[in-house]
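Before any comments, here is the structure.
Read-outs throughout are calculated quantities, based only on the coordinates presented, and are distinct from any laboratory measurement. All of these numbers come straight from a predicted model, not from anything done at the bench. When we count neighbours, we look across all protein chains shown, and the Cβ atoms used for this are built from the backbone with ideal geometry, even at glycine.
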Amino acid sequence: MSFVSDLEIEKQKSRLLIRILIAAFILNVMTYSFSMNAIRDITVHYPPDLRSGSQMKAGDVPAYEAYAFALYIAQQLNNWDKDGAKDYPAKLEALSFYLTPQYLENLRKDIADRLLQGELQNRVRNFKILPGSVYSEKSVDVLGGSWIVWLDVVIEETVSGQPVKTRRLHYPVRVVPYDANREMNPWQLALDGNGGRAAQDLDVIEQYNVKNKQELSGGVK
């Protein structure tokens with residue numbers, strides 16, 4: 001074999017090695033970029049009390065997180081400080097990233113109908129959690145990939161300063177996983193109506209429970 005042939009073979013080897021190094025570099029860059037993006041996208045929900053320890057999987061949403069989300073967004077949406085005709089539409093659009101498209105559209109129609117009937121004009125609503133109400137396992141119905149959250153709330157409404165409604169309700173809210181812009185919705189959850197459940201009057205429930213207790217007490221005697 002001639003000297004020229006040997007030289008050409010070495011050049012080919014060098015070019016092949018350079019190509020391998022370039023390919024390895026590109027692969028490493030892509031792997032690093034993917035790893036960094038994956039790390040940013042992992043969401044872990046920690047329980048409020050870590051004293052006893054907890055095992056959580058990335059992406060799993062515990063029931064208490066769904067409850068906290070539902071309570072916060074429902075309160076924001078249903079508190080109208082000055083005038084429901086202005087506050088309700090403004091709140092709805094501000095919270096649109098926390099509502100499923102179908103639920104958002106339903107609420108827009110609700111606003112349009114109520115504005116047409118003049119129901120929202122000068123209406124103030126105060127939507128607050130019932131004093132003493134706290135999260136428990138009974139507060140959330142876990143339905144596989146979604147949750148029905150039950151909020152014990154007091155709803156007070158006035159029109160032009162005159163009281164028109166005061167109700168204590170066992171209030172259902174459906175929460176679903178929602179793949180939205182993380183900057184606009186870091187929870188990656190959304191409200192989706194009431195899940196076909198009806199709100200329950202707490203006064204009626206309490207009266208029913210008292211009556212049952214009285215009947216049971218009478219039966220024991």
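Mind listing which trypsin sites (Lys or Arg not before Pro) in region 91-200 are in a DSSP loop and have 16 or fewer other Cβ atoms within 10 Å?
Within region 91-200, the qualifying trypsin sites (Lys or Arg not before Pro) (loop, at most 16 other Cβ atoms within 10 Å) are Arg182, Arg197.
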- Query: Over the Cα atoms of region 63-221, how large are the radius of gyration and the largest Cα-Cα distance (Dmax), in Å?
  - Reply: 17.7, 63
- Most exposed first, judged by fewest Cβ atoms within 10 angstrom, Glu65, Glu105 run Glu105, Glu65
- Gain in span if fully extended, Arg15 to Thr100, counting 0.36 nm per residue against the direct Cα distance: 25.0 nm
- Query: Over the Cα atoms of region 122-212, Rg to Rh with Kirkwood Rh, two decimal places?
  - Reply: 1.05
- Count the lysine pairs in region 63-218 that are 8 or more places apart or on different chains: how many have C-alpha atoms under 19 angstrom apart? 7
- Query: Taking a spot 7 Å from the Cα of Asn209 along the direction of its beta carbon, which residues of region 104-137 have an amide N less than 18 Å from it?
  - Reply: 129-137
